[in-house]
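Scroll down for the structure; my scribbles are underneath it.
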Amino acid sequence: MLVGICLVALSGANAVAQSAVPVEQEPAHHLVLQNDQVRVFHVQLPAGAASLWHVHTHDGISVRIGDATIQDEPMDGSAKRFELHRGAVSFGATPVVFTHRVNNIGTTPFDNVYIELLGGPGAGSSNAAGPAARRPAEFENERVRVLRRVLAPGEASEMHTHPANTVAVVVTPGKLQVTQGDGTMRTLEPQAGAVQWVASGTTHSLRNTGSAPVEIVDVELN
């Protein structure tokens, strides 16, 4: 009887493994940016919905765009409940492959920007600015540095140069005036969850020309 139970369990696990899809084929994962260093997905899952079983093969970092309650269910482990908060950041290392699904068990949408790191450590670094020019990070490891900027209405950042390739994630919507190093200006009205690739060496300043604070998380690639 015990052998039979074990065989049934193995059969179930194999069925899940065979039905799991690559992360880029999971319908809740919307690809919004891709280059040789990252793939960025805007993940949106309504309250009460569940993702398909899907496979991750790279390290990644998530930026939460809204509050949500989820259950993360790995194929080879126990499901865990997480209370997610807007603006929070979490890093996940993938040993070889990681297969799981996400259940939105709360009453609010699961809204998340997931940055898949394709290059190895050192791929995003640059000598465009020395270490002294780098802002303090709120999270850092060998793959990424995470920095946060909140601009009040009318507030502007200093003119600054990005020392590494960066994925900028807009956490709260707003209106921004971007001034490049050569003085040219443009106006953006990004929505929550919008992303922007900022190449190393980019020099600019940001001004909040809207009526509410704008929060941006910069994920620098090490």
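No lab work stands behind these numbers, since they all come straight from the coordinates. Model, not experiment: these values are computed from the prediction. Heads up, the Cβs are rebuilt from the backbone with ideal geometry, glycines too, and the neighbour counts pull from every protein chain shown.
Observations on the structure shown:
- Rel. contact order, % - alpha carbon contacts under 8 angstrom, at least six apart, the stretch 35-115: 49 percent
- The chain gives an Rg/Rh value of 1.04, both radii derived from C-alpha positions and Rh following Kirkwood.
- Protection proxy ranking of 212-222, 92-102, 155-165 - average other beta-carbon atoms within 10 Å, highest first: 212-222, 155-165, 92-102
- Think of each Lys and Arg Cβ as +1 and each Asp and Glu Cβ as -1; about the Cα centre, that makes the dipole of the stretch 131-221 roughly 80 debye.
- Note on the chain: antiparallel DSSP beta bridges, both residues inside, total approximately 95 percent of the bridges counted.
- Taking Cα centre as origin and charging only the Cβ of basic (Lys, Arg, +1) and acidic (Asp, Glu, -1) residues, the dipole magnitude of the chain rounds to 240 debye.
- Cβ-to-Cβ counts within 10 Å put 111, 72, 36 in ascending order as 36, 72, 111, the fewest first.
- Considering only alpha-carbon pairs that sit under 8 angstrom and 6 or more positions apart, the relative contact order computed for the stretch 131-221 is 42 percent.
- All C-alpha pair distances within the stretch 131-221, sorted into 5 Å bins from zero, spread as 3, 14, 24, 28, 19, 9, 2, 0 percent across the bins.
- As a length-normalised measure over Cα pairs under 8 Å and 6 or more apart, the relative contact order of the chain settles at 19 percent.
- Considering only 203, 62, 27, the residue lying farthest towards the positive end of the dipole of the chain is 203, judged by Cα position with unit charges set on Cβ.
- Binned Cα-Cα distances of the stretch 19-117, short to long, each 10 Å bin given as a whole percent: 17, 53, 29, 2
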